[in-house]
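Worksheet: one structure, shown below.
We did not get these values from a lab; they are worked out from the coordinates using the rules stated. Bear in mind the structure is a predicted one, so any value in this text is a computation, not a measurement. Reconstructed Cβ throughout: ideal geometry from the backbone, glycine too, with neighbour counts over all protein chains shown.
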Amino acid sequence: EKGGFEHFMLKEIYEQPKSIRDTMTGRVPKDSHGIEFTELGWTEEEMAGINKIFIVACGTAYHAGIVGKYYLEQLARIPVEVDIASEFRYRSPLVDGNSLTIVISQSGETSDTLAALKEAKRLGSRTLAVTNVVGSSISREADQVVYTYAGPEIAVASTKAYTTQLLVMLMLAIYVGRLRGTLDIAKAHKLVEGLHDIPEQIHKLLENVDQIKVFATRYGSSEDAFFLGRSLDYAVALEGALKLKEISYIHAEAYAAGELKHGTLALIVEGVPVIVLATQPDVYDKTVSNLQEVKAREAMVIAIAFEGDDSIAKYADHVIFIPRTDKYLAPLLAVLPLQLLAYYAALTRGCDVDKPRNLAKSVTVE
Ligand code: M6R
């Protein structure tokens, strides 16, 4: 049942080329400039009536929501708030008939997310569920559903569900951006082309993991780790830290790199592993100067950067290269080394990777 893999988590990490391909099928026509969501069938008029989007979810799905905010705000130019479901449901959110509430849930059964969805509906919002399970409670409650086609995810740690959620959020942003006229054809076309390359690029990354195994063994003995990035890299850093905590029990924190000086730098001492994501061109120089700051404190720095970025090796102890792609697509690739680092660190520490202590796959109680 694990298809020759030692754990479901590893099997699911390796299923990502397929789950991404399946989630694109029928939605990213090869010679088109855009995205098709026949299950949505939204119109320009309908989209003109939406002035705010709320994204609500828990855990990894919440992290996909943070990436979704960047996508929707930058490509479709609609203000987006992202909430943790257990906060949203109790904070009297200012949701109304001109809002769209998107809930993201792999299982479609998370109780806080379901309650948040009901609350958004009660307040008059349109609702859309992004979920992996057909017929789940959340899929039945929402006005509309976009499915991720990750296939069953068994390991408690979410991997392939996350990348398909990122993909759906990006496709949605392209779709809405085209409807609203905020995204031009040429840019949409470039993103669509980039999407077609992603499964093969993931495949390539997953073929070459020896270096990651070595790093994971090395920092598997640390008690703390930090993940830094700016912009979309920060959103991915959050997911990297959660993965590591959840299965290896190493205390991990993600910080927006610019926040370092506001407190966290005090914790950076010799030998502490710091993973720096540096894939976002607009903030690249600033990220690299943060990298130098942690290096100056003798942290053990692993950078995640695009292939061909030769300069970063001067500053980091190690670099994990990911294939080149558009900045919006980078999270789909940059998270893979983080998933693998968490997996191999957990293995080194003898943890029960698929069933981490105290956690359940689906949180159906509050
Ligand atoms: O099924 P859901 O997507 O609603 O689950 C949400 C979280 O419980 C889930 O993502 C959790 O954080 C994972 N164990 C993370 O790997």
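Results, tabulated for the structure shown:
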item	result
For Thr127, distant residues with modelled amide H under 5 Å away	Thr101, Asp143, Gln144
Principal axis box of region 147-276, alpha-carbon based, largest edge first, Å	50, 36, 25
Cα-based equivalent ellipsoid of region 61-208: semi-axis lengths in Å, sorted from largest, via gyration tensor	26, 21, 12
Computed magnitude of the charge dipole of region 54-132 (debye, nearest 20; Cβ of K, R +1, Cβ of D, E -1)	180
Long-range HN-HN contacts of Val272 with modeled amide H, under 5 Å	Met300
For region 232-298, convex hull volume per residue from C-alpha positions, Å³	79
Two-decimal log10 I(q)/I(0) for region 81-161, as the Debye equation yields it once each C-alpha is a single scatterer, q = 0.13, 0.26 Å⁻¹	-0.37, -1.25
Degrees separating the helix 284-296 axis from the principal Cα axis of the chain, which is the longest one	30
32 Å Cα-Cα threshold exceeded, pairs from Lys2/Lys314; Lys69/Lys245; Lys18/Lys355; Lys121/Lys204; Lys18/Lys190; Lys121/Lys361	Lys2/Lys314; Lys121/Lys204
Rg/Rh for the chain, where both radii come from Cα atoms and Rh is the Kirkwood radius	0.95
Between helix 210-219 and the chain: long-axis angle, C-alpha atoms, 0 to 90°, nearest 10	70
Expected-Rg normalisation [2.2 N^0.38 Å, Cα atoms] applied to region 236-365	1.10
Cα-centred dipole magnitude for region 91-216, charges only on beta-carbon of K, R (+1) and D, E (-1), debye, nearest 20	360
Unit charges on C-beta of K, R, D, E only; dipole of the chain, Debye	200
Rounded if a/c under 1.5, otherwise prolate or oblate - region 1-86, Cα gyration tensor axes	oblate
Nearest-ten-degree value, helix 59-76 long axis tilted from longest Cα axis of the chain	70
Region 63-134: chymotrypsin sites (Phe, Trp or Tyr not before Pro) falling in loop per DSSP and having at most 12 other Cβ within 10 Å	Tyr90
Taking the C-alpha atoms of region 202-241, convex hull volume expressed per residue in Å³	81
Global form of region 34-147, assessed from the alpha-carbon gyration tensor, a/c cut-off 1.5	rounded
Descending principal axes extents, region 115-179, alpha-carbon based, whole Å	35, 31, 17
